[in-house]
Amino acid sequence: MRPRTIIFFALTNLVLAASAFTQSDGSQQNRTGRAGTFAIVNARIVTVTGAVIENGTVVIQNGKIASVGSGTSVPSGAERIDGKGLSVYPGMIDAGTNMGLAEIPQGANATMDLVEPGTLNANAKAITGINPHSSHINVTRVNGITTAHSLPGGGLIAGQSAVINLNGSTQSEMAVVGEFGLVVNYPRIATFGGFGTGGGQQIDFNEAVRRRDTQIEELKRIFTDVENYARAREAYDNDKSLPYVANNVRLDAMVPYVRGVKPVIFTVERERDIRSALKFIADMKLKGIIGGGQEAWKAADELKKQNVPVIYTHIYSLPVREDDAYDLLFAAPSLMQKAGIRFAISTGDQGGEVRDLPYHAGLASGYGLPKDEALKAVTIYPAQILGIDDRLGSIEVGKMANIVVTDGDILDPRTNIKHMFIGGRLIPLTSRHTELFDSFKDRK
Amino acid sequence: MIRRLFSITCIACILALPLVVSAQAGGELLIRNATVMTATRGTLANTDILVRDGKIARIGKNITAGSGARVIDATGKYVTPGIIDAHSHTMMNAVNEGTLSVTSMTRIRDVLNPSDIAIYRALAGGVTAALLLHGSANSIGGQSSTVKFKYGRPVEEFVVADAPSGIKFAMGENPKRSSQSFQPGQTPRYPRTRMGVLETIRDAFLRARDYKQAWDDFRAKKTKVPPRRDMELEPIVEILEGKRKVHAHGYRSDEHLNLLRLADEFGFKIGTLQHGLEAYKFAPEIAKHGAGVSIFVDSWSYKLEAYDAIPYNAYILWKNGVNVSINSDSNERMRRLNLDAAKVMKYGGVPEQDALKMITLNPAIQLGIGNRTGSIDTNKDADIVIWSGHPFSPYSIAEVTLVEGEVYFDRAVDVQRRTALAKEREELEKLDVNKAPGSGGGPPRIPTERLRGDLDDAEHIDGGNDR
């Protein structure tokens with residue numbers, strides 16, 4: 001398995017507004033781009049949520065989409081971008097990455113901030129570990145991905161994930177939802193040493209089942225403890241004659257998730273484990289999300305009944321069983337869509353290959369997912385699952401101006417990105433890769 | 001437990017099915033009215049291809065086939081040469097002989113597994129041939145095999161008999177075992193630095209040169225006693241004689257450049273620099289030496305020595321006139337090399353046909369089989385893929401894959417079989433033998449898992465990196 005096993009893990013709650021970007025001036029062309037009023041004119045506008053506008057204008061002002069349409073006027077003083085022959089898309093969103101937490105997985109451990117040891121790491125917040133200056137960020141965004149969901153990876157309860165825009169000099173400038181979901185690596189039957197590492201001694205099957213069950217009990221106990229802890233704390237707050245309950249930083253972090261106020265992301269792949277996780281979600285009355293979801297289509301009935309969405313990360317994975325159809329994991333999004341499951345397509349990548357997100361969606365479409373659904377699966381659907389569809393995921397007036405201008409179909413690997421905006425800032429199309437290219441391309 | 005069941009039953013059911021869908025042995029097959037991307041002579045619209053006796057017999061318009069020929073109507077479809085992966089570990093039951101740093105005596109052809117399901121999945125992605133290489137744990141890994149993916153046929157038929165011999169070298173983090181940890185008291189294996197790796201290789205060539213001299217002297221009757229045969233040095237002598245191609249894994253530009261200089265010193269040419277993630281930094285030197293380069297199109301940062309990799313590597317090498325191929329090194333990635341080739345049109349702007357060459361004719365040339373495969377030209381092997389649309393579009397999929405004129409993958413047949421397979425699986429699941437085991441023993445492992453311990457730790461995370 002590629003390192004993406006780690007993918008799914010984490011966290012919660014600061015909703016930091018996009019006001020973050022307003023502090024920079026509008027003149028300098030630096031790494032974080034420049035603000036201004038922009039009008040992309042004469043372009044094909046793929047709004048995603050509405051009809052395609054064949055020849056229209058998008059106006060970007062104050063970091064937001066000010067207007068969209070075929071008859072839209074351009075405000076005086078706006079910087080005009082000729083969109084003739086170009087297409088305008090909303091920035092793509094990868095809902096399952098470790099962006100900013102994992103620079104170089106092998107040979108540079110010091111660049112890894114992904115995995116805490118121990119079982120209960122609920123207080124580990126991705127937003128405090130993400131490196132705003134990771135070279136993965138620029139490399140990813142110049143391919144049209146403007147937003148990523150970054151998840152921590154260690155333990156049974158891995159920590160809290162963050163939804164970030166791929167721009168900003170500080171973590172808070174990047175944050176769209178600083179603490180989004182609690183990441184739980186849902187226990188599974190593992191006879192090869194656990195968590196899909198492939199290492200360790202093979203263990204007896206019944207022992208593996210017992211360990212899985214023990215872990216699920218442990219998970220239940222932790223969730224119950226949190227509720228009891230929270231009640232005891234609240235009781236004391238209301239009545240100081242009751243026993244004082246000392247602060248527990250790990251349990252504290254879990255309260256909004258255990259109470260169903262904020263989502264819990266369960267990383268889980270196989271049907272039986274997904275059904276087990278769904279039962280856990282129902283029993284505990286959680287707001288659940290499935291991450292990974294290799295066999296989610298098989299649990300369509302229960303997923304739909306509970307309205308639990310799936311962040312699917314297995315386009316670039318091999319089928320698990322030798323007798324699975326060769327194209328099963330390419331076709332899984334199509335199966336989910338036909339079954340009526342809410343889903344997003346994600347790379348599940350640590351960071352370096354998140355830029356391939358459009359091709360994951362493209363491949364899913366090659367194997368049955370309608371093209372418009374494939375595009376939605378990397379734009380508005382992840383926005384909905386991440387609870388940011390009021391601000392991102394489509395080209396609509398009032399939304400944050402995360403916009404990509406291309407010379408072709410955004411899901412096609414031959415397509416070039418010509419301009420892009422994040423939070424209304426015009427982003428330079430440079431990265432570690434273009435810089436190295438420029439350094440060596442003319443060497444004789 | 002599903003995995004277990006699988007191991008017992010489903011391999012059997014897969015093997016039981018004839019996967020060669022409709023062998024054309026000796027017969028004719030006509031592909032009609034396709035858009036043909038030849039890889040050598042541009043794209044031909046509305047073109048027919050006649051396959052006879054495993055070869056491309058004719059390419060043109062309005063070709064008629066003999067009676068009994070299978071005819072495939074490819075109207076609206078695209079045809080390309082079969083994809084060739086110049087860096088693969090598919091169908092290998094072992095990857096690294098990790099005990100010594102020079103294991104030139106070991107041979108991939110001794111560990112081929114013709115029933116590896118990854119072969120079928122590769123065919124379903126349009127791959128027809130591959131260079132099977134040792135891993136990169138050793139400075140000199142062992143003798144490679146060039147195969148065509150004739151899934152369902154005996155293993156002997158996979159090996160391309162007239163392909164030049166090859167050998168895997170490796171430099172950098174892997175042969176110096178950077179990520180290996182040692183127990184207290186355990187002596188680390190030499191070499192541990194890039195200096196040592198280069199000297200390990202130099203030492204092997206010096207010994208091989210002496211060994212060759214000893215044989216030359218004996219054959220010239222200058223000496224009376226024949227030298228003892230040395231299975232480690234004989235393949236290296238073949239390199240010195242220009243009979244064996246070196247495929248050298250490496251990342252940093254300096255280590256690969258040092259290898260080119262070592263090759264110059266000993267008077268031979270390097271076949272390919274494998275991975276060559278920094279090849280763009282010294283493209284003119286590579287062009288001058290005449291080595292090919294086989295790369296990941298855009299993998300980077302998965303390890304320290306991959307941090308300077310850029311997706312413009314192919315473009316810069318191409319611009320310098322270097323033969324570039326795009327490889328997978330992965331059973332997973334192998335299935336979508338067509339989209340990897342498409343990427344070089346974006347990253348730098350390589351023209352379409354040259355991009356296609358990077359997964360067809362260029363690797364064929366690197367493997368020394370460019371005279372018989374890698375393009376749609378008459379008299380070449382009929383290694384052909386029929387795609388639902390343009391092969392560089394993410395919306396297109398491989399529909400039919402032929403190797404030497406025989407259909408080894410046919411999507412329509414695959415889809416049609418699924419119902420019967422599912423039924424068979426359901427029946428097998430009910431058998432007692434497939435119920436979860438009692439206590440005392442684990443489930444049998446499936447073949448791909450059996451491989452794990454042997455696999456090359458570092459290469460697994462390269463690019464896609466399924467194992």
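Values in this text are rule-based calculations from the coordinates and carry no lab data. Please read these numbers as outputs of a predicted model, since none were measured by experiment. When we count neighbours, we look across all protein chains shown, and the Cβ atoms used for this are built from the backbone with ideal geometry, even at glycine.
Any idea which of B:A94, B:Y211, A:Q215 is furthest toward the positive side of the dipole for the protein assembly as shown, if Lys and Arg beta-carbons carry +1 and Asp and Glu beta-carbons -1?
Of B:A94, B:Y211, A:Q215, it is B:Y211.
Taking the alpha-carbon distance from A:K418 and a cut-off under 28 Å, which lysines remain once sequence neighbours fewer than 8 residues away in the same chain are dropped?
A:K64, A:K84, A:K371, A:K376, A:K399, A:K441, B:K281, B:K319, B:K343, B:K346, B:K357
Put a dot 7 Å past each Cα toward the Cβ at B:Q416 and B:D210; how far apart are the dots in nm?
That separation, rounded to one decimal, is 6.5 nm.
Among B:M171, B:M91, B:M345, which comes first, then next, by fewest other beta-carbon atoms within 10 Å?
B:M345, B:M91, B:M171
What pairs from A:K262/A:K304; A:K444/B:K176; A:K338/B:K435 go past 26 Å between their alpha carbons?
Checking Cα-Cα distances, A:K444/B:K176; A:K338/B:K435 exceed 26 Å.
At a Cα cut-off below 17 Å, give the aspartates and glutamates reachable from B:K150, other chains included and same-chain residues fewer than 8 away excluded.
Within reach: B:D53, B:D85, B:D116, B:D162, B:D381, B:D383, B:E399, B:E404, B:E406, B:D410, B:D414.
On a 0 to 90° scale, report how tilted helix A:328-339 is relative to the longest principal axis of chain A, with both axes built from alpha carbons and the result rounded to the nearest 10.
For helix A:328-339, the angle is close to 90 degrees.
So what is the relative contact order of segment B:83-372, in percent, for Cα pairs below 8 Å that sit 6 or more residues apart?
Result for segment B:83-372 is 18 percent.
Taking the Cα centre of the protein assembly as shown as origin, sum charge times position over the Cβ atoms of Lys and Arg (+1) and Asp and Glu (-1), and report the length of that vector in debye to the nearest 20.
That gives a dipole near 540 debye.
Against the longest alpha carbon principal axis of chain B, how many degrees, from 0 to 90 and to the nearest 10, is the axis of helix B:411-429 turned?
The angle comes out at about 80 degrees.
Taking the Cβ-Cβ separation of B:F218 and A:N248 as r and a Förster radius of 60 Å, what is the calculated FRET efficiency to the nearest 0.05?
0.15
Add +1 for every Lys or Arg and -1 for every Asp or Glu among the other residues with Cβ under 14 Å from the Cβ of B:E241, and state the total.
That works out to +4.
Applying 1/(1 + (r/R0)^6) with R0 = 51 Å to the Cβ-Cβ distance of B:E427 and A:E217, what FRET efficiency is obtained, to the nearest 0.05?
0.90
Among the lysines, which fall within straight-line cross-link reach of B:K224, defined as a Cα-Cα distance under 17 Å, with same-chain neighbours fewer than 8 residues apart omitted?
Reachable lysines: B:K212.
Relative to the first principal axis of the alpha-carbon coordinates of chain A, what is the inclination of helix A:357-366, with its axis defined by its Cα atoms, in degrees from 0 to 90 and to the nearest 10?
The angle comes out near 90 degrees.
Can you compute 3J(HN,Hα) from phi for each residue in segment A:165-181, using the Karplus curve 6.51 cos²θ - 1.76 cosθ + 1.60 with θ = phi - 60°, rounded to whole Hz and x for Gly and Pro?
7, 8, 6, x, 8, 10, 4, 6, 5, 7, 5, 9, 10, x, 10, 8, x
Please report the spacing between the Cα centers of segment A:262-323 and segment A:204-221 in Å, no decimals.
The distance from the Cα centre of segment A:262-323 to that of segment A:204-221 comes to 18 Å.
Taking amide H atoms as placed 1.01 Å from N in the peptide plane, list the residues 5 or more away in sequence, or in a different chain, whose amide H sits under 5 Å from that of A:G154.
A:E116
Once fully extended, how much extra length lies between A:R443 and A:K240, figured as 0.36 nm per residue of separation less the alpha-carbon to alpha-carbon distance?
65.6 nm
Using only DSSP helix segments of four residues or longer, with each worth -39500 (n - 2.57), what per-residue ellipticity at 222 nm results for the protein assembly as shown after dividing by its residue count and rounding to 500?
-8000 deg cm²/dmol
If neighbour count is taken as other Cβ atoms inside 10 Å, put A:S317, B:S178, A:S172, B:S328 in order from fewest to most.
A:S172, B:S178, A:S317, B:S328
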